[in-house]
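Right, one structure below, let's go through it.
The values are calculated or read from the model by the stated rules, or taken from the named source; none is laboratory data. Remember, predicted model here, so these are calculated numbers, not experimental data. Cβ: placed from backbone, ideal geometry, glycine included. Neighbour counts: every protein chain shown. Calculation scope for accessible area: heavy atoms of the full protein, side chains included, ligands and nucleic acids excluded. Shrake-Rupley method; radii C 1.70, N 1.55, O 1.52, S 1.80 Å.
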Amino acid sequence: MPFYYTIRKSAEGRRTARNLLEIQKLLRHGAGEPGERNYVHPVPSRTLSETLLLATWNIRELDSSKYGFRTPESLFYIAEIISHFDLVAIQEVREDISALDELRSILGRRSWKYLVTDVTEGSSGNKERTAYLYDQRKVSFTGLASEIVLPPLKGQAVPQFARTPFLAGFQAGWFKFSLCSVHIYYGGDDPNQARRVEEIDQLARFLGNRVRRYRKAFRAGGKSHSEYENIALLGDFNIFSTEDETFKALRKNGFLVPKGLHGKITNIGKQARAFDQIAFLEDEKNVESTGNAGAIDFFRTVYRKNKRDKTLDDQEVYAPLMRKTIDNSNKRKSESKQSTPWDQRTPAKQSTYYGAWRTFQMSDHLPLWVELKIDFSEKYLLRKAGG
């Protein structure tokens, strides 16, 4: 459970507390009907040794001043969501990791740790890092950590990734596994953008071949990293649809998405897109999903936007904060480059601004998660007993 003692006794503090209760209710009980775009599957309670709750979340520009830095209120909401999982891969962590540190403080520094990459340089890198945030009471870091660099092909250097994938090894109980977190190149609205397809294809092929080689050595009794017995590719693949070449590149190289996540929509926007994925290399004899999986539409409960029913729209609640954000931004700009003040915008433009602003408070991606079985003691004992 996160630490909430810094929530102030104010109108904002009371709102934050009420919304945290609503987020807890959303995660525990779910919302909507299966098949609906914003259906929320209930997240099971965390266990000590039976299951692992694994998630991935592209938290938009954590943290950026583009629409004003995230408020303490937003960080409480993000931390509450993360606290329902054991391990979360986070994409779009920015150069300044203050917000990531604050999330860890809310979650509890004695229990939660993170691993984070260096910043990926270059325009495509967008000054981003990738992180793993995990509860060390349940999950331990095995020591295996690396950013993926593709080897030369026929003696010639090959183009590297726009944002370097981050591989790390973990253990929960007996279960050793590796994760490779990605933020694949976007490059435009073509669902089969060539560089995007190529990055997914090259990474899935490279990891698939390496893992199969390590597995063979490990199972033959040779010295190898047992973390490679079980591996997942997860993160923001910028996949529009499971019918696209991007998804097929993942699948043809042997990576499978658990049934409960297949085609799950994770973007915020009018067009439904399956940007984020969690995929395991096939022949995962020790990786078994419980069947519980899903995406969390947090905008059901916080920073709501509803044109039809204003009682379900929070724009006016946050109008003073958006007004202040625009005013503070204009103070740093010359008069010719200043944005239109909030009160001078039409209702339609205010609504558009709010739609973007709220994604910089929470995210424009939904968290994606899956529950895995990690207790294999019965099977192990049966083999020992000759059963």
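Just checking, does the range 366-382 include any residue being assigned to a helix (DSSP H, G or I) and either surrounded by 12 or more Cβ atoms within 10 Å (Cβ to Cβ) or on the phi > 0 side of the Ramachandran plot (or both)?
Checked against the condition, which is being assigned to a helix (DSSP H, G or I) and either surrounded by 12 or more Cβ atoms within 10 Å (Cβ to Cβ) or on the phi > 0 side of the Ramachandran plot (or both), the range 366-382 yields at least one hit.
Quick one: which of LEU312, LEU321 is in contact (Cβ under 8 Å) with a residue 24 or more places away in the chain and either closer than 29 Å to ARG18 by Cα or open to solvent by 60 Å² or more (accessible area, probe 1.4 Å) (or both)?
Answer to the selection: LEU321.
What's the total number of residues in the range 144-175 that are in a strand (DSSP E or B) and either modelled with pLDDT of 90 or more or at positive phi (or both)?
Here the count works out to 11.
For every residue, the table says whether it meets (1) within 30 Å of LYS259 (Cβ to Cβ); (2) at pLDDT 95 or above; (3) in a loop (DSSP other than H, G, I, E, B).
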residue	(1), (2), (3)
ILE7	no, no, yes
LEU27	yes, yes, no
GLY35	yes, no, yes
SER45	yes, yes, yes
LEU48	yes, no, yes
TYR67	no, no, yes
ILE78	yes, yes, no
VAL88	yes, yes, no
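Hey, among the residues in the range 1-26 that are out of contact with any helix residue (DSSP H, G or I) (no Cβ under 7 Å at 6 or more places or on another chain) and among the hydrophobic types (A, V, I, L, M, F, W, C), which one's farthest from THR290 (Cα to Cα)?
Looking at the filtered set, the residue picked out is ALA11.
Can you name the condition, by its number, that SER74 falls short on among (1) on the phi > 0 side of the Ramachandran plot; (2) of a type in the set (Gly, Ala, Ser); (3) open to solvent by less than 10 Å² (accessible area, probe 1.4 Å)?
It fails just one condition, (1).
Which pairs have Cβ atoms under 8 Å, sit 6 or more apart or on different chains, and link a residue in the range 118-129 that is of a type in the set (Val, Ile, Thr) to one that is surrounded by 15 or more Cβ atoms within 10 Å (Cβ to Cβ) and part of a strand (DSSP E or B)?
Hits for this filter: VAL119/GLU128; VAL119/ARG129; THR120/GLU128; THR120/ARG129.
For a quick check of your reading of the model, give me the residue pairs whose first member lies in the range 248-270 and is farther than 24 Å from SER363 by Cα, whose second is of a type in the set (D, E, K, R) and open to solvent by 50 Å² or more (accessible area, probe 1.4 Å), with beta-carbon atoms closer than 7 Å and at least 6 apart or on different chains.
Pairs found: ASN253/ARG205; GLY254/GLU282; LEU256/GLU282.
Taking the range 329-355 on its own, how many of its residues are part of a helix (DSSP H, G or I), touching a residue at least 12 places away in the same chain (Cβ under 8 Å) and surrounded by fewer than 12 Cβ atoms within 10 Å (Cβ to Cβ)?
1
The conditions are (1) in contact (Cβ under 8 Å) with a residue 60 or more places away in the chain; (2) surrounded by fewer than 13 Cβ atoms within 10 Å (Cβ to Cβ); (3) not in a loop (DSSP other than H, G, I, E, B), and TRP57 fails exactly one of them. Which is it?
(2)
For the range 8-23, give me each residue that is surrounded by fewer than 17 Cβ atoms within 10 Å (Cβ to Cβ) and not charged (D, E, K, R).
Those that are surrounded by fewer than 17 Cβ atoms within 10 Å (Cβ to Cβ) and not charged (D, E, K, R): SER10, ALA11, GLY13, ALA17, LEU21.
Over 26 Å from LEU372 (Cα atoms) and either hydrophobic (A, V, I, L, M, F, W, C) or open to solvent by 60 Å² or more (accessible area, probe 1.4 Å) (or both): is that true of ARG251 in this structure?
Taking the combined requirement at face value, the residue does not satisfy it.
Among residues belonging to the range 138-165 that are touching a helix residue (DSSP H, G or I) at 6+ places or on another chain (Cβ under 8 Å) and β-branched (Val, Ile, Thr), point out the one that is surrounded by the fewest Cβ atoms within 10 Å (Cβ to Cβ).
In this case the residue turns out to be VAL158.
Please work out which residue is surrounded by the most Cβ atoms within 10 Å (Cβ to Cβ), limiting yourself to the range 176-205 and to residues that are in a loop (DSSP other than H, G, I, E, B) and within 18 Å of the chain's Cα centre (by Cα).
ILE184
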